1. Looking at ILE39, is it within 28 Å of the chain's Cα centre (by Cα), within 30 Å of HIS4 (Cβ to Cβ) and outside any helix (DSSP H, G or I)?
2. Check off (1) assigned to a loop (DSSP other than H, G, I, E, B); (2) surrounded by fewer than 11 Cβ atoms within 10 Å (Cβ to Cβ) for MET16 and give me the number that stays unchecked.
3. When you go through THR112, THR146 one by one, which is the residue that is touching a residue at least 12 places away in the same chain (Cβ under 8 Å), of a type in the set (S, T, N, Q) and assigned to a helix (DSSP H, G or I)?
4. What's the number of the condition GLY166 fails, among (1) at pLDDT below 85; (2) surrounded by 10 or more Cβ atoms within 10 Å (Cβ to Cβ); (3) out of contact with any helix residue (DSSP H, G or I) (no Cβ under 7 Å at 6 or more places or on another chain); (4) not aromatic (Phe, Trp, Tyr)?
5. Tell me whether the range 26-33 contains one or more residues that are modelled with pLDDT under 85, within 24 Å of ARG63 (Cβ to Cβ), outside any helix (DSSP H, G or I) and not hydrophobic (A, V, I, L, M, F, W, C).
6. Which of the numbered conditions does MET95 fail, given that it passes all the others? Conditions: (1) aliphatic (A, V, I, L, M); (2) assigned to a helix (DSSP H, G or I); (3) out of contact with any Gly (no Cβ under 9 Å at 6 or more places or on another chain).
7. Quick check on my filter: what residues within the range 85-126 are closer than 21 Å to VAL71 by Cβ and surrounded by 10 or more Cβ atoms within 10 Å (Cβ to Cβ)?
8. Give just the number: which of (1) closer than 30 Å to PHE110 by Cβ; (2) modelled with pLDDT of 80 or more does LYS47 not satisfy?
Amino acid sequence: MDSHERVSAALDRKPMDHVPMRFNARTEVIAALKAHLRIDSTEDLLKRLAIDFRYVTAEDVERMLFMGSGVLITAVLTYLKYRFVHLPLHPVALMLQGTYMARKTVFSVFVTWMYKATVLKFGGVQLYRKGQPFFIGLLIGYAFGTFLACVVDGVFFFGQGHLVHGF
């Protein structure tokens, strides 16, 4: 399997002989490696080190355009967030929306946001501030419960490891 086939297989999540490798070093390090291994060209050095990722090619243009559009949308959302303070769209949400933790916690965050918006709309800041100790207590209780579960797990089931919560 050559480098191109290996990288393509990795991107397609297919079996490969080993994980594709990437190499990045300063020119002085590359020159020292070539001198030490008695190799003339950088391409021969990369082949000798079994490096698969070499240069950005035309095949990566689609990915670069996708990344560039994400940067542009984030920049526009950032500008709009600073220009219109009450805009509910935050640019960080765009970056985090595809992460594992975001998918796991999106419903909790939505419920919290909905509660806060409703309390502020109908009860004002006074009611919101009155409810803060309760919710801070919930967070502290959850953290303490998780800590206690880890301690009990470490004392009674040392080395076995148990899932404390669903993350």
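1. So ILE39 does not fit the description; no.
2. For MET16, the failing item is (2).
3. Residue meeting the stated conditions: THR146.
4. (2)
5. No, that holds for no residue.
6. Result: MET95 passes all but (3).
7. The answer is LEU87, LEU89, HIS90, PRO91, VAL92, ALA93, LEU94, MET95, LEU96, GLN97, THR99, ALA102.
8. Answer for LYS47: the failing condition is (1).
The values are calculated or read from the model by the stated rules, or taken from the named source; none is laboratory data. Since this is a predicted model, take the numbers as computed values, not measurements. Cβ coordinates were reconstructed from backbone atoms using ideal geometry, including for glycine residues, and neighbour counts include every protein chain displayed.
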